[in-house]
2 protein chains.
Amino acid sequence: MDGDTIQELTFVNSSVDEISHPALDIGGSLIKMVYFSTNREKPTDKTQNNSSKDNLLSGRLYFLKFETSKINECLDFILTKQLHCRGVQHYGFPASDQNTIKATGGGAFKFADLFKEKLGISLDKVEEMGSLVSGANFLLKSVSSEAFTFVNSQRNYVQIDHNDLYPYLLVNIGSGVSMIKVDGDGKFERVSGTSVGGGTFWGLGKLLTKCKSFDDLLEMSHQGNNRAIDMLVGDIYGGMDYLKIGLSSTAIASSFGKAVSENKELEEYKPEDVARSLLRMISNNIGQIAYLNALRFGLKKIFFGGFFIRGHAYTMDTISVAVDFWSKGEAKAMFLRHEGFLGALGAFTNYQLVEEFPCTASLTGDNSQNPLFEDLNDNGTIECCMRAIN
Amino acid sequence: MDGDTIQELTFVNSSVDEISHPALDIGGSLIKMVYFSTNREKPTDKTQNNSSKDNLLSGRLYFLKFETSKINECLDFILTKQLHCRGVQHYGFPASDQNTIKATGGGAFKFADLFKEKLGISLDKVEEMGSLVSGANFLLKSVSSEAFTFVNSQRNYVQIDHNDLYPYLLVNIGSGVSMIKVDGDGKFERVSGTSVGGGTFWGLGKLLTKCKSFDDLLEMSHQGNNRAIDMLVGDIYGGMDYLKIGLSSTAIASSFGKAVSENKELEEYKPEDVARSLLRMISNNIGQIAYLNALRFGLKKIFFGGFFIRGHAYTMDTISVAVDFWSKGEAKAMFLRHEGFLGALGAFTNYQLVEEFPCTASLTGDNSQNPLFEDLNDNGTIECCMRAIN
């Protein structure tokens, strides 16, 4: 389990018997988990008196991640907390949810036997692209202050018009990148993707910098300067711009191109500079391919999600600049606060009991007035209510 | 000077006083040179008797490259052979060509003072994108058996219909990549590009594998297996395809993604495997972005040039497969035999005396019958005639 996130602290504050309904997105590098926890300590005014009477439970959605290579930590977590089989039955939720966990991502197939063998749990597989789309639609329609643009290091929250949400391009940056044209609830097509994604940043970064973790690598990139190793237009043109084609002297002509002519070993470059060049190369490339696909299908809105982003300012800035550059200012990159959990949220919405969440929200058309999803609190959990379908 | 190419051998066979009119393309990593050499030993039947009478010189175009970081080797070559000021005057070519060399690429700006100082030579700068286009048009219209597709490791030469050449997308893969929409002679626009190019392959490859040269890196990639380090769809899906979105288990989900979860140091990976993953990542990415741009402008023909390709089978294969995959078989990647010398050839066509070459060829409409450009011989030189404009 990732020990440096706020989510862990949040979990520690929840008592065992209050949490339930884990949903997993088991990717190539990371396992993302969403679960529900009742909120006995601070019930909202609207729901505190009727939770058991009409099966309406007030609480929060919590978010956790594990490294896929350390899947045993995830199994231990579920086992220790008995997440899969307790905490909800007495509120009248279906018994069919016991010993079954909704799961998406390739690992839902790869690790199905492991979950069965070690925990006696069946993974109820939810299709990956569909989960990402469900998760994104859920967030965009049901959670206020979810989407934002990132310009000059400033988050500017975007008001989503529920009647004008579709179509949009969803770019999910996991180990690899999927680009999905979303036309409505359950209406989507994976139109493109690239293998140059978060796994490339982390994998290449690990080989080049000996970083200890993804966060370590991101932190290093924050300290570095890509000019140390990228070949800039000015490096080729003797410090001049190449104005005829609109490239300034500081534009990157060739990522890592300076390493060609400098007789330096890897160890002679600062790991921070290498990390920065890598992050910039990958972010810029994804922004470019995303924009070209948005253009291809006439999509005005591009939302970026996936655990690669991690709310990291420089990543979002580079993606934003790439989209702005290639679209000549016509398109804006948008980001999601729960970017890393689209698939897991999508799997979560597949539990029978929560299927009415996004629908209700979408029907009201104004989630700020929707009692089911009140707001996002500061540590990233989502306050919400759950109702069983029975 | 690159010592392992056929071009050097070719040069050695030419005597000093027979060669002239060097044209340079000074890029971020490589300097490409084209020059003309009269062909006294084997004059063609058509021209042997009239060369001095009507200023028609029979000969060949020769091709050379140097590393930009070793620019002194290029200067020494020009100085030793006195390439810039002799060999043509007695045939009636303009004296204005003396002490001036046509040059393109950023280095034509960056190194102008160096050429002046060391050799007393002025670099007559030719705009970079225009040179690439002139060079490509020259080859496509004037040299037979120049363009080919590469499918299943087979070169299939393409007959270019001169009346149906435009528009096309020219993708020049140098240190960085330029994508140019070509609508005619001198009619073009740089519509896209990417910083992930040959300099990235070479630069990152050098850091990761300690390769001695670009050719060394290419050779290594030929011996490697990208599965050792790339995360495949099957690695995520437990060996299964992800059929719903058309990805087979062997498709690359995340380039270098396997390095994330394996606790291996860089030294524990075979350099050959690393080189292969890198080549595949970059080739595939360029193929994808090129196709998206061709689609955007409705271009049916995509020609790939630039020194990155080097006639390397695996590179061409990957680019071809990428274009085929992303276009669902609608588009075909095409390559050029003189791929690395587009800019230098374009600069060469700027010498007054050769300006009639491509024009004549294009007017005849059938270069196989054009006495100015007879054929390509086996070592890559181009047999041709030069005529002064006076």
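Could you tell me which of rounded, prolate or oblate describes the range B:226-360, using a ≥ b ≥ c as the square roots of the eigenvalues of the alpha-carbon gyration tensor, with rounded for a/c under 1.5 and, failing that, prolate when a/b is larger than b/c and oblate otherwise?
On the way: a/c = 3.94, a/b = 1.83, b/c = 2.15.
It is oblate, given that a/c is not under 1.5 and a/b is not larger than b/c.
I want to make sure I understand the PRE zone here: with the label point 7 angstrom from the Cα of residue B:267 toward its beta carbon, which residues in the range B:203-229 have backbone N atoms less than 19 Å away?
B:206-212
With θ set to phi - 60°, apply the Karplus curve 6.51 cos²θ - 1.76 cosθ + 1.60 along the range A:222-227 and write out the HN-Hα couplings as whole Hz, x wherever there is a Gly or Pro.
5, 8, x, 10, 5, 5
For the rotation bringing A onto B, which A residue has its Cβ nearest the axis, and at how many Å?
A:292, 2
Collect residues whose amide H, placed 1.01 Å from N in the peptide plane, falls under 5 Å from the amide H of residue A:305; neighbours closer than 5 in sequence don't count.
A:171, A:172, A:173
What are the extents of the Cα atoms of the range A:164-206 along their three principal axes, in Å, largest first?
Sorted largest first, the three principal extents are 41, 16, 12 Å.
Rank by packing, highest mean first: peptides A:226-234, A:197-205, A:144-152, with packing defined as the count of other Cβ atoms within 10 Å averaged across residues. Walk me through the numbers before you get to the answer.
Working: A:226-234: 22.6, A:197-205: 29.0, A:144-152: 17.1.
Sorting A:226-234, A:197-205, A:144-152 by mean packing, highest first, produces A:197-205, A:226-234, A:144-152.
What is the percent carbon and sulfur in the accessible area of the range A:259-322, measuring with a 1.4 Å probe over the protein chains and ignoring ligands? Working shown, then result.
On the way: 930 of 2000 Å².
C and S fraction of accessible area: 46 percent.
Got a sec to turn the phi values of the range B:286-302 into Karplus ³J(HN,Hα) couplings, 6.51 cos²θ - 1.76 cosθ + 1.60 with θ = phi - 60°, whole Hz, x for Gly and Pro?
These are the phi-based 3J(HN,Hα) values: 5, x, 5, 5, 4, 4, 4, 6, 4, 4, 4, 10, x, 8, 8, 10, 10 Hz.
Chains A and B: how much accessible area gets covered up at their contact, both sides added, probe 1.4 Å, in Å² to the nearest hundred?
Values: alone 17440 and 17480 Å², together 29630 Å².
Adding both sides of the contact gives about 5300 Å².
Within a Cβ distance under 10 Å of residue A:71, other residues only, what is the Lys/Arg minus Asp/Glu net charge? Don't skip to the end; give the middle numbers.
Details: positive: A:70, A:110, A:118; negative: A:67, A:73, A:76.
Result for the neighbourhood of residue A:71: 0.
From the label point of residue B:310, set 7 Å from Cα along Cα→Cβ, how far away are the matching label points in the other copies, in nm, ordered shortest to longest?
For residue B:310, the other copies' label points sit at 3.5 nm, shortest first.
Using a label point 7 angstrom from Cα along Cα-to-C-beta, what distances in nm, from shortest up, separate residue A:243 from the other copies?
5.9
Quick one: of B:110/B:210; A:187/A:301; A:206/B:212; A:110/B:258, which pairs are farther than 18 Å apart, Cα to Cα? It would help to have the intermediate numbers written out before the result.
Numbers: B:110/B:210 28 Å; A:187/A:301 16 Å; A:206/B:212 23 Å; A:110/B:258 15 Å.
From the list (B:110/B:210; A:187/A:301; A:206/B:212; A:110/B:258), the Cα-Cα distance tops 18 Å for B:110/B:210; A:206/B:212.
Using only the alpha-carbon atoms, what does the range B:221-288 span along each of its principal axes? Please give whole angstrom values in decreasing order.
Sorted from largest, the Cα extents of the range B:221-288 read 37, 29, 18 Å.
Taking H as built 1.01 Å from N, whose amide H comes closer than 5 Å to the amide H of residue A:102, not counting residues under 5 places away?
Those lying under 5 Å, H to H, from residue A:102 are A:24, A:124.
Enumerate by residue number the GluC sites (Glu not before Pro) in the range B:240-288 meeting two conditions: DSSP loop (anything except H, G, I, E, B), and at most 16 other Cβ atoms within 10 Å of the site's Cβ.
Numbers: sites: B:262, B:265, B:267, B:268, B:272; in loops: B:262, B:265.
Those that pass, being in a loop and sparsely packed, are B:262, B:265.
Once you sort the root eigenvalues of the Cα gyration tensor of the range B:115-170 as a ≥ b ≥ c, which label holds: rounded (a/c under 1.5), prolate (a/b larger than b/c) or oblate (the other case)? Kindly include the intermediate steps, with their values, before the conclusion.
Values: a/c = 3.24, a/b = 2.20, b/c = 1.47.
Prolate.
Under the Karplus relation 6.51 cos²θ - 1.76 cosθ + 1.60, θ = phi - 60°, what is the ordered set of whole-Hz ³J(HN,Hα) values for the range B:144-161, x standing for Gly and Pro?
Coupling constants for the range B:144-161: 6, 6, 9, 9, 8, 9, 10, 10, 6, 6, 10, 7, 10, 5, 10, 7, 8, 7 Hz.
On average, how many beta carbons from a partner chain sit within 10 Å of the beta carbon of a residue in B:207-217? Intermediate values should be presented prior to the final figure.
Numbers: counts 13, 6, 0, 2, 0, 0, 0, 1, 0, 0, 0.
Across B:207-217, the average partner-chain Cβ count within 10 Å equals 2.
In nm to one decimal, list the spacings between the residue B:125 label point and its equivalents in the other copies, with label points set 7 Å along Cα to Cβ, shortest first.
Counterpart label points of residue B:125 in the remaining copies fall at 6.0 nm.
Taking amide H atoms as placed 1.01 Å from N in the peptide plane, list the residues 5 or more away in sequence, or in a different chain, whose amide H sits under 5 Å from that of residue B:247.
Close amide H contacts, sequence-distant or interchain: B:242.
Distance between the C-alpha centers of the range B:154-208 and the range A:192-233? Whole Å please.
Each part's Cα centre sits 27 Å from the other's.
Can you give me the accessible area per residue for the range B:129-287, using a 1.4 Å probe, in Å²? Numbers along the way, then the final one.
Working: 5650 Å² over 159 residues.
On a per-residue basis, 36 Å².
Would you list, by chain and number, the lysines whose Cα falls below 24 Å from the Cα of residue B:116, excluding same-chain residues fewer than 8 positions away?
The reachable lysines, counting only those whose Cα sits under 24 Å from residue B:116, are B:32, B:65, B:70, B:81, B:102, B:125.
D for the range A:178-259, whole µm²/s, Stokes-Einstein with Kirkwood Rh over alpha-carbon pairs at 4 °C and 1.567 mPa s: what number?
Approximately 83 µm²/s, per Stokes-Einstein.
Go through B:312, B:299, B:341 and say which Cα lies farthest out towards the positive end of the charge dipole of the range B:282-354; charges sit on Cβ, +1 for Lys and Arg, -1 for Asp and Glu.
Farthest towards the positive pole: B:299.
Note down the nm distance, to one decimal, between modelled labels 7 Å out along Cα→Cβ at residue B:100 and at residue B:149.
4.4 nm
Between residue A:313 and residue A:210, what's the calculated FRET efficiency when r is the beta-carbon distance and R0 is 22 Å? Round to 0.05. Don't skip to the end; give the middle numbers.
Values: r = 24 Å, r/R0 = 1.10.
Plugging the Cβ-Cβ distance into 1/(1 + (r/R0)^6) gives 0.35.
For the range B:68-223, state the average projected area of the convex hull of the C-alpha atoms over all orientations, rounded to one decimal in nm².
Numbers: hull surface 50.7 nm².
Its Cα hull, projected and averaged over all orientations, spans 12.7 nm².
The values are calculated or read from the model by the stated rules, or taken from the named source; none is laboratory data. These numbers were taken from a predicted model, which means no experiment stands behind them. A quick note on method: Cβ atoms are made from the backbone with ideal geometry, for glycine too, and the neighbour counts reach across all protein chains shown. For the accessible areas, the whole protein counts, side chains as well, though only heavy atoms, and no ligand, DNA or RNA atoms are used. Shrake-Rupley method; radii C 1.70, N 1.55, O 1.52, S 1.80 Å.
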